[in-house]
Amino acid sequence: MIYVVEQWDSVDLHLQTGPFVVPADPLSLELDFAAGSVPPLPWVKPTLYVEYRAPTDRAGLAQGGTILPITPAGAADDCRALRWQRATAQGFGVRLGFEATEHQDSTHASAWGAANRKQAEFSALWSQSSPRDRGHRIPWGAAFALDRRAYVSGWVMKTPARDAAAGFAWYTVNLAGTVYDDSAAFLALLQTDTATTVTLATDSGVIDVLDPLALEFRFGYVRLARPIVPHDVAKRLTARQASPRDGRARLPWGAGQSIWHDYNLPYPVEPNPVDPPPDPLDPPEIKTVYLSMNTLQITDVATGTPLHVQGVSIGLDIDSLSWNFSGTLYGKGSLDLVAPTALGMKDINVTINGHNWVFSIERYTSDERFPTEKFTISGVSRTQYMAAPFAPTRSYTNASATTAAQAANAELSNTGFTLVWPTGDDEDLPDWPIPAGALSFRDKSPAQVVAQIVTTAGGIMVPAMASDSWTIQPRYKVMPWDWATATPDAGIYIGMVRSRSAQFEPAPEFNACFVSGVSQGEAVNVQRQGSGGNNPMPDIYDDLITDSQPAISRGKAELAGTGNKVVETLSVMIPENGAAPGILVPGMLVKVMHDDSQKDYMGLVLSNQISAQRAGGAAIYQSVTLERSA
């Protein structure tokens, strides 16, 4: 007979000799056939048991690499001639129960005796297979191409499944899932006031702490392992109605209307609409000689008492939250009207050639020399009240979704201070949604929080001269490479300039900027049109980049500030009665005009410093610093 090892977990006995006699005790033989009909046969209990364990890998070619451990058969084991072959498919359910036969049945086992010597050449050498027998002579030489997790064979092997990718929690992308947001759970851990209970336990028993100082606890938020969920960054579309202040009908097809709930356009679109011409600039007066009678008036706001102040200096730069003031005050009585007290600061009203400011005096120094009493006073515009040290600081994280403009205005709620934040024009700073948990700050004043929100999108806060408000706008309302065709906010005729100085500032010119949120939000690669984006600047990350609109606005502002620049300072007169160019405020786009228009150029106002020594015939000039392209 020949024993054949099945492919999986069964044995098929091919009876090639016979006939066989049923033993005297039929109970000594148990045969359980799943399929087919095979005559009964006696069985002699083997004298030697050997367990073979084989890995599923392909057998190697290394010399001496014995893969299957084999115990040599003893002298009594005459089954060496048994040839192991692959079982046929029909033997899958055969189970054999083997029991010891009685002595009187030993004569019936003669058919199972030792094979002839001529069969000895069929004994397989288990040390190493020859290369030519890799796929044919050795039934189990070739390993399966795939890793079968449930593969168990009692005759050949019993090894655990191995998977090269078992370290991953998933194997594919969850195409139909939703995007998970762990920020709320993370912030809940940071903001919680609940006591934390720590229980130490091991599988072996209770831990005995010998040295409490040697214990180290580390707490943190562990993100759950979830499959990747794709999302489309371009499916967020916002639509807003035009601001009522825009009455210039820039659209060639007339006034628009909201189409938020109506996807059919209410008007026909021209095939190639032509942009309307820009609004005409209010040009300055061009004269050969300018005659000006300058006026300087300073009064106490509370009583309206005129104050004798000389050497006045008023200034503002593009990143400041308030205007600043300094001057020399004469007379002890005048000082008593404006000096700060325990009740707070006092306000003064400053008017120069019809332009009005309101300042709060925050400090003074005395310089009394008989018979003159003079004091140096300094102050700030009223918007400084929303900054430290005048406004209280606080820490906060938004628990519900909001927008940037709503969050900024909420910081000024019930204070009397307001924000002017237009969003209806292309040159305005956009408003964008902020999800819950994205806006978080610690120990900041209201003005600092508003500045944090505004600068996220590349904007600035322009303080009012005499009111309690700021105007929110982009730092660059028009990109520098588009200044040639832009409409300026003011014009300066070169004849109004008393002096001019310039400084060249070299800097690398980038054409791409990657802007992204941190824990949540959007990621946008902003590129200058037509450049190819082959020279990117360092990446920018901000917690409040939660939408593509602030990302694009921030990227444009960063790219506009790169490249070679010329910083120019012009000393310009201040005409009377509010005539052009007026007071040049930081953030304005100004055109410097010459008699030869080929020499005209545009510049961004970075700062303005006004100096007025005294009223009357004394000269009053504003020193304006411009940034222009080299």
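In terms of distances greater than 32 angstrom between alpha carbons, the cross-link table entries Lys287/Lys346; Lys346/Lys565; Lys444/Lys565; Lys346/Lys444 yield Lys287/Lys346; Lys346/Lys565; Lys444/Lys565. Note on Thr351/Asn525: beta-carbon distance plugged into 1/(1 + (r/R0)^6) with R0 of 56 Å gives a FRET efficiency of 0.65.
Based on the Cβ-Cβ distance from Val567 to Thr403, what FRET efficiency comes out when R0 is 45 Å, to the nearest 0.05? If you can, show how the numbers build up before the last one.
Details: r = 36 Å, r/R0 = 0.79.
The value I calculate is 0.80.
From the square roots a ≥ b ≥ c of the eigenvalues of the alpha-carbon gyration tensor of segment 371-525, which class results: rounded (a/c under 1.5), prolate (a/b over b/c), or oblate? Oblate is the answer for segment 371-525, as a/c is 1.5 or above yet b/c matches or exceeds a/b.
Once fully extended, how much extra length lies between Ala185 and Arg442, figured as 0.36 nm per residue of separation less the alpha-carbon to alpha-carbon distance?
Numbers: separation 257, 0.36 × 257 = 92.52 nm, distance 1.90 nm.
Computed gain between Ala185 and Arg442 is 90.6 nm.
If you stretched the chain out fully between Ile228 and Ser629, how much longer would it get, using 0.36 nm times the residue separation minus the C-alpha to C-alpha distance? Mind dumping the intermediate values first?
Values: separation 401, 0.36 × 401 = 144.36 nm, distance 4.57 nm.
Stretched fully, the Ile228-Ser629 segment lengthens by 139.8 nm.
As an exercise, use a Förster radius of 45 Å and the Cβ-Cβ distance of Asn174 and Asp319 to find the FRET efficiency, rounded to the nearest 0.05. That gives a FRET efficiency of 0.50.
FYI, it's all coordinate maths here, none of it is from the lab. Predicted model, so just to flag it, every value in this text is computed and none were measured. For neighbour counting, all protein chains shown are included, and Cβ atoms are generated from backbone atoms with ideal geometry for every residue, glycine included.
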